[in-house]
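One structure below.
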Amino acid sequence: MLYSVELSDYMLNHPITITADTTISDAADLITGSKVSGVLVVNDHREVIGILSELDCLRVVVAGLNGGDKPATVMASDVMATQVEAQHPHDDIVDVATSMLDHKHRRRPVVKDGKLIGEVTCRQILR
């Protein structure tokens, strides 16, 4: 049973982030080492500019094995998703979960005044 419907009660307060110039090799190491399915991509002002998933990284690794660019030379900005739906900390958790299901999103950044303050993932909602 939910004890609150406010998103801020479920979000991660310190999500794992990278910058757009992070190599896929480094991002993959961070993702696997942190045991997460993806990371948020932010600029110098902590504004979310993309999301990089483990599948995005895997595509680059497989392409590299097949003669494409190597993961150490491809940047997050080259493959990250740039159409990012952000949430506000006071959004209703049930509405957010429903939207995540409808759009097949595993994670959503939580922003306030345009700056990243947290992240909500399927795992947080399930807990």
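Only residues that are in a loop (DSSP other than H, G, I, E, B), open to solvent by less than 90 Å² (accessible area, probe 1.4 Å) and closer than 20 Å to Asp69 by Cα were counted in region 1-32, giving 3. Taking Val84 as the residue in question, decide whether it is hydrophobic (A, V, I, L, M, F, W, C) and surrounded by 19 or more Cβ atoms within 10 Å (Cβ to Cβ). No, not satisfied.
The one condition from (1) out of contact with any His (no Cβ under 8 Å at 6 or more places or on another chain); (2) under 19 Å from Ile125 (Cβ atoms); (3) open to solvent by 30 Å² or more (accessible area, probe 1.4 Å) that Ile49 does not meet is (2). Does Val110 fit the bill of being at pLDDT 95 or above and assigned to a strand (DSSP E or B)? Yes: the conditions hold for Val110. Within the option set Asp78, Asp91, being acidic (Asp, Glu) and over 15 Å from Val39 (Cα atoms) holds for one residue only, Asp91. Whether a residue is touching a Pro at 6+ places or on another chain (Cβ under 6 Å), open to solvent by less than 20 Å² (accessible area, probe 1.4 Å), more than 25 Å from Val5 (Cβ to Cβ) and of a type outside the set (Lys, Arg) was assessed, and Val60 passes this test. Restricting the search to region 93-127, which residues are surrounded by 12 or more Cβ atoms within 10 Å (Cβ to Cβ), over 13 Å from Glu6 (Cα atoms) and free of Cβ contacts under 8 Å to residues at least 40 places away in the same chain? Matches in region 93-127: Ser99, Met100, His105, Arg108, Lys112, Cys122, Arg123.
Which of the residues belonging to region 33-76 are part of a helix (DSSP H, G or I), within 18 Å of Pro15 (Cα to Cα) and in contact (Cβ under 8 Å) with a residue 12 or more places away in the chain? Of everything in region 33-76, those that are part of a helix (DSSP H, G or I), within 18 Å of Pro15 (Cα to Cα) and in contact (Cβ under 8 Å) with a residue 12 or more places away in the chain turn out to be Ser34, Glu54, Ala76.
The values are calculated or read from the model by the stated rules, or taken from the named source; none is laboratory data. All of these numbers come straight from a predicted model, not from anything done at the bench. Using ideal geometry, Cβ is built from the backbone for each residue, glycine included, and neighbour counts are taken over all protein chains shown. Each accessible area value is taken on the protein alone, full model and side chains, heavy atoms only, with ligands, DNA and RNA left out. Shrake-Rupley method; radii C 1.70, N 1.55, O 1.52, S 1.80 Å.
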